[in-house]
Amino acid sequence: MDPLTLPTAVIIGAPKCGTSSLYFWLSAHPEVYASKVKETFFFADDVNRFNRSANAIEHTLEEYSAYFAGANGQSVVLEATAAYIYSQRAVQSIPSLASQPKCVVLLREPAARLYSQYRFERYRTKRVSCSFSEYIKDPKIIAHGAYAEYLSHWKAALGEDRLHVILFEEWIQDTRSSMDALCRFLGIDPSFYADYSFVQHNETVAIKSKGMHRWGLALQRYIPHAVQEALLPLYLFLNAGKMPAKDPEDQVQVNRLRRMYSEKQKDLEALFPSIPWHLWEK
């Protein structure tokens, strides 16, 4: 029996930190084969609408391997599920895969990330309709900003050589340098990105038609990545509207959350001392 094709690199999070853009940028590299679906949720802690057909709870790695069936000698086989950072099943399963994957995590100042997540769910996916003040009353939502509590387990399971941390704020300031460092980590040629056009994906915009958005997500897995890149501007033209203005009261809550999260930053600094955490102080 032929060995299963499993990922050699996994983007594990965090949500609203640029994982969609990074997935598409890496998938364009000739030395990378990316899964047909960006977020497989195979190692999620529950069965949900994203992984009902293939999940680690009800299925074997053969179903997971099907996501990478088109791989043909590329040095990196890639998967990206932003929620893995929070998944107990993921941290217990991914590091021990036979392919010994390296993992990449993008981190954004947690209060800003949380507010971006809220606006994404309020105006793009339309999963919530409450105010930001109501939204952050959920302790689980607040806990997702305590990155060190999750990454301590990932670092222990992977070791330093198989975990690469990218700071969103540094990535935005100097995308090419960040991509160069990531390419060295993954062992692929960084010169591919010398003249690359870094198109942003999954930007938080107000969706006009939720039905069209769901239809687009359902079709996405059947459309080649290059075609998705070409169709994105047209889709946004047809189904994206202007985002509502931010409520001034929301910024009060964001500032309060920033102060709260800053008290936990020393735990991250201890885990990853070489990361420029001072960028979160701006």
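The values are calculated or read from the model by the stated rules, or taken from the named source; none is laboratory data. Note that the structure is a prediction, hence the values are computed from the model and not measured. Every residue, glycine as well, gets a Cβ built from its backbone with ideal geometry; the counts of neighbours run over all protein chains shown.
Restricting to region 87-127, give me the number of residues that are in contact with a strand residue (DSSP E or B) (Cβ under 7 Å, 6 or more places away or on another chain), surrounded by 19 or more Cβ atoms within 10 Å (Cβ to Cβ) and among the aromatic types (Phe, Trp, Tyr).
0
Would you check which residues across region 26-38 are crowded, with 23+ Cβ neighbours inside 10 Å and either within 22 Å of Phe120 (Cα to Cα) or hydrophobic (A, V, I, L, M, F, W, C) (or both) and list them?
Selection gives Leu26, Ala34, Lys38.
Restricting region 244-259 to residues that are free of Cβ contacts under 8 Å to residues at least 60 places away in the same chain and not basic (Lys, Arg), which is nearest to Val105 (Cα to Cα)?
Gln251
If you check Leu236, Leu182, Leu217, which single one turns out to be within 24 Å of Leu106 (Cβ to Cβ), modelled with pLDDT under 75, part of a helix (DSSP H, G or I) and within 20 Å of the chain's Cα centre (by Cα)?
Values: Leu236 fails: within 20 Å of the chain's Cα centre (by Cα); Leu182 fails: modelled with pLDDT under 75.
Testing whether each residue is within 24 Å of Leu106 (Cβ to Cβ), modelled with pLDDT under 75, part of a helix (DSSP H, G or I) and within 20 Å of the chain's Cα centre (by Cα) leaves just Leu217.
With among the polar types (S, T, N, Q), more than 17 Å from the chain's Cα centre (by Cα) and within 25 Å of Asn51 (Cα to Cα) as the only criterion, which of Gln117, Gln100, Gln88, Gln74 stands out?
Values: Gln117 fails: more than 17 Å from the chain's Cα centre (by Cα); Gln88 fails: more than 17 Å from the chain's Cα centre (by Cα); Gln74 fails: within 25 Å of Asn51 (Cα to Cα).
The match here is Gln100.
What about Gly145, is it within 15 Å of His29 (Cβ to Cβ) and either touching a residue at least 24 places away in the same chain (Cβ under 8 Å) or of a type in the set (Ser, Thr, Tyr) (or both)? Give the derivation first.
Details: within 15 Å of His29 (Cβ to Cβ): no; either touching a residue at least 24 places away in the same chain (Cβ under 8 Å) or of a type in the set (Ser, Thr, Tyr) (or both): yes.
For Gly145, the condition - within 15 Å of His29 (Cβ to Cβ) and either touching a residue at least 24 places away in the same chain (Cβ under 8 Å) or of a type in the set (Ser, Thr, Tyr) (or both) - is not met.
Every residue in region 21-64 that is touching a residue at least 60 places away in the same chain (Cβ under 8 Å) and over 20 Å from the mean Cα position of the chain (by Cα), please.
Within region 21-64, Pro30, Glu31 qualify.
Condition (residue is part of a loop (DSSP other than H, G, I, E, B), touching a strand residue (DSSP E or B) at 6+ places or on another chain (Cβ under 8 Å) and more than 21 Å from Tyr193 (Cβ to Cβ)) applied to region 46-59: is it met by at least one residue? Write out each step before concluding.
Filtering region 46-59 down to residues part of a loop (DSSP other than H, G, I, E, B) leaves 46-59.
So of that shortlist, the ones also touching a strand residue (DSSP E or B) at 6+ places or on another chain (Cβ under 8 Å) come out as none.
So far as region 46-59 goes, no, none of its residues is part of a loop (DSSP other than H, G, I, E, B), touching a strand residue (DSSP E or B) at 6+ places or on another chain (Cβ under 8 Å) and more than 21 Å from Tyr193 (Cβ to Cβ).
Return the residues of region 246-255 that are in a helix (DSSP H, G or I), of a type outside the set (A, V, I, L, M) and surrounded by 12 or more Cβ atoms within 10 Å (Cβ to Cβ); say none if nothing qualifies.
Looking only at region 246-255, we keep the residues that are in a helix (DSSP H, G or I), and these are 248-255.
Adding the requirement that they be of a type outside the set (A, V, I, L, M) leaves 248-251, 253, 255.
The answer is Asp250, Gln251, Gln253.
Residues of region 132-160 being closer than 20 Å to Met260 by Cα and over 19 Å from the mean Cα position of the chain (by Cα), which ones?
Taking region 132-160 as the starting set, the residues that turn out to be closer than 20 Å to Met260 by Cα are 132-152.
Hits for region 132-160 are Phe132, Ser133, Glu134, Tyr135, Ile136, Lys137, Asp138, Pro139.
Please find, within region 240-260, the residue that is nearest to Ala148 (Cα to Cα) out of those that are within 23 Å of the chain's Cα centre (by Cα) and at pLDDT below 95. Can you show your working first?
Of all residues in region 240-260, those within 23 Å of the chain's Cα centre (by Cα) come to 240, 243, 254, 257-258.
Going one step further and asking which of them are at pLDDT below 95, we end up with 240, 243.
On the way: Ala240: 35, Met243: 32 Å.
Across region 240-260, the extreme among qualifying residues is Met243.
Name every residue in region 266-282 that is modelled with pLDDT of 90 or more, farther than 23 Å from Phe120 by Cβ and not in a loop (DSSP other than H, G, I, E, B), in order of residue number. Quick ask: steps written out before the conclusion?
Just the residues of region 266-282 that are modelled with pLDDT of 90 or more, to begin with: 266-280.
Still in the list and also farther than 23 Å from Phe120 by Cβ: 266-278.
Selection gives Lys266, Asp267, Leu268, Glu269, Ala270, Leu271, Trp277, His278.
What helices (runs of 4 or more DSSP H), lying completely within region 78-157, carry at least 1 residues that are among the aliphatic types (A, V, I, L, M) and on the phi < 0 side of the Ramachandran plot? Steps first, answer last, please.
Working: elements: 88-93, 110-119, 132-135, 139-143.
Result: 88-93, 110-119, 139-143.
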